[in-house]
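Accompanying notes for the structure given below.
The values are calculated or read from the model by the stated rules, or taken from the named source; none is laboratory data. What you see is a predicted model; the values in this text were computed from it and never measured. As a convention, Cβ positions derive from the backbone with ideal geometry for all residues, glycine included, and neighbour counts pool all protein chains shown.
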Amino acid sequence: MTQPRLDELISLRKVDATFALPFNQRPINDDFLISNDLGDMTFVTPTELQKLAYGQIEKTEPLYTRLAEKNFIAGEVDVAAQATRWRTKNAFLFYGPTLHAFVLTGRCNFGCQYCHSSIVGMHRTDTDMSIEVAERAVDMAFQTTSPGITIEFQGGEPMANWEVLQHVVEYARQKNALVGKALTFSLVSNLTLMTEEKLDYLLERKVQICTSLDGPKDLHNKYRIYRDADGFDLTTKWMKRINERYVEMGLDTNLYRVEALPTVTRALLERPKDLVDTFVDLGCRAIFLRKLDPFGFAARTAKTLGYSMEQYIDFYVEAVDYIIELNKQGVQVMERNAAIMLSKMIADYEPNYLDLRSPGGAVIGQIGYHPDGRIYSSDEGRMVGAMGDEAFCIGTLDNTYHEIMTAASTRALVIAGTNLGQPDCVSCVYRPYCGQQPEYNYKTQGTIRGRMRDSTWCRKHKYIFDYLAKRLHSADADEMAMFERWTTNRPQEHFLQESGEI
Amino acid sequence: MAQHTLERFDADSNTAVLSLDAGIYPLDAVYGAAYALIDRAYVLLDKEARAEGKGSRFLIQLRGKIKLDQAAAQALSGEFGNELLSQALRRKVVKQNGGLIEEIVTQAIAGATGASLPQDFLDDDDDDLDFLDDPLGIAVPWEEKFKKDGKKNA
């Protein structure tokens with residue numbers, strides 16, 4: 001059946017602009033998905049959409065009740081309750097950056113062909129962050145008005161600068177004993193420099209550990225080149241070991257596992273099920289199907305590793321269809337993009353994922369700290385910097401926190417990252433759930449605002465939203481229960497540093 | 001006539017020249033669209049008066065940074081047109097939603113800098129505070145505080 005045409009369905013002359021709260025629409029299967037600025041969404045038939053637009057729904061009709069409950073009928077909206085709801089979902093507007101990415105070194109012992117971070121060889125200790133810079137970066141991070149701080153150790157391979165990593169943990173814990181913020185640490189590592197002694201320290205200090213895993217062993221080792229050993233075996237050995245230690249510590253294994261992130265390369269496009277199976281076999285509960293970034297080496301190797309957005313989406317759909325199939329067989333695994341989007345669409349929950357919120361997270365949600373003290377809008381911003389373009393360098397540690405937050409560049413990025421300022425976004429049904437990344441726009445289209453109509457960022461997210469909307473539209477009770485389970489947000493409280501604890 | 005046209009392409013100078021009715025698009029949109037191409041072309045903007053009553057046209061000269069052929073010049077021209085429309089439409093949208101965007105951005109930056117009043121301050125209902133208390137005597141009028149004792153001066 002063909003999708004209904006809006007211009008044949010609704011005559012502008014007959015629209016009652018006072019009946020419905022402003023909403024956007026998009027054809028999904030044979031019906032329409034509608035959403036409003038408050039983030040409510042529902043499906044309506046073409047006839048129901050026409051009645052809503054014309055204001056021709058009687059109060060006694062079940063449709064009226066259904067649309068009123070979802071805040072689509074202007075006269076039924078409880079303004080005070082919705083204002084509170086809006087403030088809760090947009091709480092990130094009321095405080096500063098939560099995520100502080102510390103690039104501890106440019107050194108790495110891997111030679112990943114798509115590396116986003118433009119790494120250097122292990123002998124280049126001159127690219128390490130010093131203790132002095134690290135302390136000043138922690139001082140800067142603690143000036144955020146956010147009640148929570150996550151210090152994320154990035155690289156290169158951050159464990160190559162182990163001494164400074166430990167120092168940051170100890171110094172931040174000391175500061176937090178006085179300040180009492182919700183402090184967490186996160187390590188993004190290939191795990192090859194891990195030892196039992198270092199693991200003892202990381203577990204003792206409650207540092208969350210994340211790694212990269214590109215799926216099947218042959219592909220992982222082909223694109224994540226490691227000369228000293230079998231990289232896949234080494235990384236997965238430590239993943240299993242860390243998970244064992246979590247069990248020994250009595251942590252809930254549903255919640256506490258090493259988070260592994262794949263990067264989708266061209267060769268992986270043919271093997272979505274192999275990727276999912278590899279993660280499931282390792283006990284992973286979440287898979288984040290990340291597309292190649294336009295940053296770092298990936299920008300240069302795109303001709304050999306890259307692919308079109310349509311190819312990525314075909315891969316994504318096949319992988320998530322398979323994940324759903326596995327769930328029906330009792331395997332607990334989810335896809336991370338889908339979980340984030342579903343949280344916003346059906347759970348009315350804002351997970352504060354910095355790339356999918358409006359305004360985006362550049363500066364006001366995250367800051368990237370370069371080893372030499374430069375401060376970037378984000379991890380992606382410093383990746384652009386590593387490519388020789390300082391467009392996203394907001395300042396240095398010689399600046400004050402206030403100067404960084406009020407810099408002209410910051411303001412420009414916040415404006416660029418606001419969906420209400422984008423021509424296509426303002427009229428998109430997915431606007432309440434979507435967001436911008438000015439750094440991506442800049443690298444792919446030459447301006448921080450980008451043009452959503454031919455942006456691969458927009459296409460990717462719109463495709464995934466469409467895929468999810470279609471699945472929701474046709475979901476049975478079991479599938480809905482599964483999607484709702486994916487949106488369950490259980491905080492990993494174990495990783496919170498206790499205030500007053502030194 | 002189309003809203004923008006690839007007037008000519010000169011393979012020798014690797015240059016495409018586009019023309020554009022100056023009455024349709026705001027100059028800022030033309031600047032913005034031209035700027036979006038500067039990674040691919042050297043850009044020169046000019047304006048050409050036409051016969052009386054016919055207004056004027058912008059001329060956009062794009063000299064490719066890499067070798068262009070006719071198809072590439074057409075593609076660059078199309079890219080310019082798309083960006084131009086996007087810039088113009090964005091201006092319109094921002095004008096329409098400008099107040100709301102400004103409020104959101106201001107709140108976001110104020111929140112990040114701590115410029116807004118903390119909620120616990122607003123919610124403070126400490127009964128011990130009495131704003132009529134004046135332990136330093138700052139509310140006492142100057143004349144009263146420093147008045148000379150009339151009786152003594154008398």
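Some points to look at:
- Test: residue in the stretch A:319-330 that is out of contact with any helix residue (DSSP H, G or I) (no Cβ under 8 Å at 6 or more places or on another chain) and either of a type outside the set (D, E, K, R) or under 25 Å from residue A:379 (Cα atoms) (or both): yes
- Residues that are surrounded by fewer than 16 Cβ atoms within 10 Å (Cβ to Cβ) and more than 14 Å from chain B (Cβ to nearest Cβ) occur at least once in the stretch A:20-42.
- Condition broken by residue B:43, with the remaining ones in (1) surrounded by 12 or more Cβ atoms within 10 Å (Cβ to Cβ); (2) out of contact with any helix residue (DSSP H, G or I) (no Cβ under 7 Å at 6 or more places or on another chain) satisfied: (2)
- Test: residue in the stretch B:102-110 that is farther than 25 Å from residue A:363 by Cβ and of a type in the set (S, T, N, Q): no
- Cβ-Cβ under 9 Å pairs, at least 6 apart or on other chains, the stretch A:444-459 side away from every other protein chain (no Cβ under 11 Å) and without any contact (Cβ under 8 Å) to a residue 24 or more places away in the chain, far side surrounded by fewer than 22 Cβ atoms within 10 Å (Cβ to Cβ) and aliphatic (A, V, I, L, M): none
- Residue in the stretch A:92-115 that is under 30 Å from the mean Cα position of the chain (by Cα), away from every other protein chain (no Cβ under 14 Å), closer than 30 Å to residue A:305 by Cα and of a type in the set (Lys, Arg) present: yes
- Taking residues in the stretch A:405-428 that are at pLDDT below 90, and partners anywhere that are among the β-branched types (Val, Ile, Thr) and surrounded by fewer than 21 Cβ atoms within 10 Å (Cβ to Cβ), the pairs with Cβ atoms closer than 7 Å and at least 6 places apart or on different chains are A:420/A:426; A:420/B:101; A:421/A:415; A:421/B:93; A:421/B:94; A:421/B:101; A:423/B:93; A:426/B:93.
- Single unsatisfied condition, residue A:394 versus (1) under 20 Å from residue B:109 (Cβ atoms); (2) surrounded by fewer than 22 Cβ atoms within 10 Å (Cβ to Cβ): (2)
- Scanning the stretch A:93-139 for residues that are touching a residue at least 40 places away in the same chain (Cβ under 8 Å), surrounded by fewer than 22 Cβ atoms within 10 Å (Cβ to Cβ) and touching a His at 6+ places or on another chain (Cβ under 9 Å) returns a single hit, A:133.
- Condition met for residue B:16 (within 14 Å of another protein chain (Cβ to nearest Cβ), touching a helix residue (DSSP H, G or I) at 6+ places or on another chain (Cβ under 8 Å), under 13 Å from residue B:80 (Cβ atoms) and surrounded by 14 or more Cβ atoms within 10 Å (Cβ to Cβ)): no
- Between A:385, A:417, A:330, the distinction of being under 18 Å from residue A:443 (Cβ atoms), out of contact with any Leu (no Cβ under 8 Å at 6 or more places or on another chain) and away from chain B (no Cβ under 14 Å) belongs to A:385 only.
- Residue check for residue B:150: over 30 Å from residue B:35 (Cβ atoms), at pLDDT 65 or above and of a type in the set (Gly, Ala, Ser): no
- Subset tally (residues that are surrounded by 18 or more Cβ atoms within 10 Å (Cβ to Cβ) and facing chain A (nearest Cβ under 10 Å)) for the stretch B:61-83: 2
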